[in-house]
Amino acid sequence: MGTQRQLHAEDGFTLGAYEAMPSGDPTGAVVIIQEIFGVNDHIREVVNGYADDGYAVIAPQIFDRAQRDVELGYEGDDMSSGIKLAFQETDRAKTLIDLQAAVEEIGKWGKVAVIGYCYGGLLTWLAACQLRGVACAVAFYGGGIAAEKDQTARCPTMMHFGELDKAIPMTDVDAIRTAQPDVDVHTYAADHGFNCNHRASYNAAAAALARERTVAFLREHLN
């Protein structure tokens, strides 16, 4: 359904991206931000799913500055490689430059939402606070958001967390709620990665409810 393409960041860097379009005219636009595992099969499926909902959608390959075309699995060495790429081998300021390029490119089709998962959830919060042209943002189990909780979002923001997620304790979620009373925070009886049906932690009920809430949020702020 989708196609590979190139994005050009404002500092001259070129990165890859996966893009999908709806069958009719887009009713808005979405940037999907990957987990630490790259733009892999799951992220492409997420992109395709939001395109089916009527949006123009793009997932930038935010690890391209360190390593091109990263696609990793969810266990062992792949997990370690993804953590290293996200937190040691890429420059977050430059990653935000790349995300800005994605927002501006897909923004040709309408108002832009940013939706991110895992590490992409943290970047989604930073995008909501720092990037231009973001109409709304939805972060799924974004580790590290609590440390950035005092930033100020420029757009309506929703967050989804798993109550069984040992990496993001409920004390962190409570701290986010306290610091950001205007952010729409939801929790589920699920673990980290509950939206990804390629992972053992997948929770179909939580994923379906979080997606239903997300789609309604997009309709409110994009359509």
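Please determine whether any residue of segment 171-183 is crowded, with 17+ Cβ neighbours inside 10 Å and among the hydroxyl-bearing types (Ser, Thr, Tyr). Within segment 171-183, none of the residues are crowded, with 17+ Cβ neighbours inside 10 Å and among the hydroxyl-bearing types (Ser, Thr, Tyr).
Looking only at residues that are β-branched (Val, Ile, Thr) and open to solvent by less than 10 Å² (accessible area, probe 1.4 Å) in segment 44-59, which one is nearest to ASN195 (Cα to Cα)? The extreme case among them is VAL47.
Counting the residues of segment 154-169 that are under 14 Å from GLY133 (Cα atoms) and surrounded by fewer than 18 Cβ atoms within 10 Å (Cβ to Cβ) gives 1. Confirm whether GLY110 is at pLDDT below 95 and open to solvent by less than 80 Å² (accessible area, probe 1.4 Å). In short, no. Remark: pairs (first residue in segment 140-164, within 14 Å of ARG213 (Cβ to Cβ); second residue polar (S, T, N, Q) and open to solvent by 20 Å² or more (accessible area, probe 1.4 Å); Cβ separation under 6 Å; 6+ apart in sequence or on different chains) = PHE140/ASN195; PHE161/THR187. Within segment 105-126, the set of residues being closer than 16 Å to MET21 by Cα and assigned to a helix (DSSP H, G or I) comprises GLU105, ILE106, GLY107, LYS108, TRP109. Summed over segment 139-153, the residues that are part of a loop (DSSP other than H, G, I, E, B) and open to solvent by 10 Å² or more (accessible area, probe 1.4 Å) give a count of 7.
Annotation note: of CYS196, CYS136, the sole residue that is among the hydrophobic types (A, V, I, L, M, F, W, C), part of a loop (DSSP other than H, G, I, E, B) and under 27 Å from GLU105 (Cα atoms) is CYS196.
Of the set (1) more than 16 Å from the chain's Cα centre (by Cα); (2) over 24 Å from GLU45 (Cβ atoms); (3) in contact (Cβ under 8 Å) with a residue 40 or more places away in the chain, all apply to PRO169 but (3).
Counting just the residues of segment 60-107 that are among the basic types (Lys, Arg) and within 17 Å of the chain's Cα centre (by Cα), which one comes out most open to solvent (accessible area, probe 1.4 Å)? Looking at the filtered set, the residue picked out is LYS94.
Conditions tested, residue by residue: (1) under 19 Å from the mean Cα position of the chain (by Cα); (2) free of Cβ contacts under 8 Å to residues at least 60 places away in the same chain.
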residue: ALA175; (1), (2): no, yes
residue: ALA190; (1), (2): yes, yes
residue: CYS196; (1), (2): yes, no
residue: ALA216; (1), (2): yes, yes
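Taking the criterion of being under 26 Å from HIS221 (Cα atoms) and open to solvent by 40 Å² or more (accessible area, probe 1.4 Å), the residues of segment 25-43 that qualify are ASP25, THR27. Taking residues in segment 82-93 that are under 14 Å from LEU123 (Cα atoms), and partners anywhere that are modelled with pLDDT of 95 or more and assigned to a helix (DSSP H, G or I), the pairs with Cβ atoms closer than 6 Å and at least 6 places apart or on different chains are ALA86/TYR119. With the condition kept exactly as written, say whether any residue in segment 66-78 is at pLDDT 95 or above and under 30 Å from ALA179 (Cβ atoms). No, segment 66-78 contains no residue that is at pLDDT 95 or above and under 30 Å from ALA179 (Cβ atoms).
The values are calculated or read from the model by the stated rules, or taken from the named source; none is laboratory data. Worth saying up front: this structure is predicted, and the values here are computed from it rather than measured. As a convention, Cβ positions derive from the backbone with ideal geometry for all residues, glycine included, and neighbour counts pool all protein chains shown. The accessibility values were calculated without ligands, DNA or RNA, using every heavy atom of the protein model including side chains. Shrake-Rupley method; radii C 1.70, N 1.55, O 1.52, S 1.80 Å.
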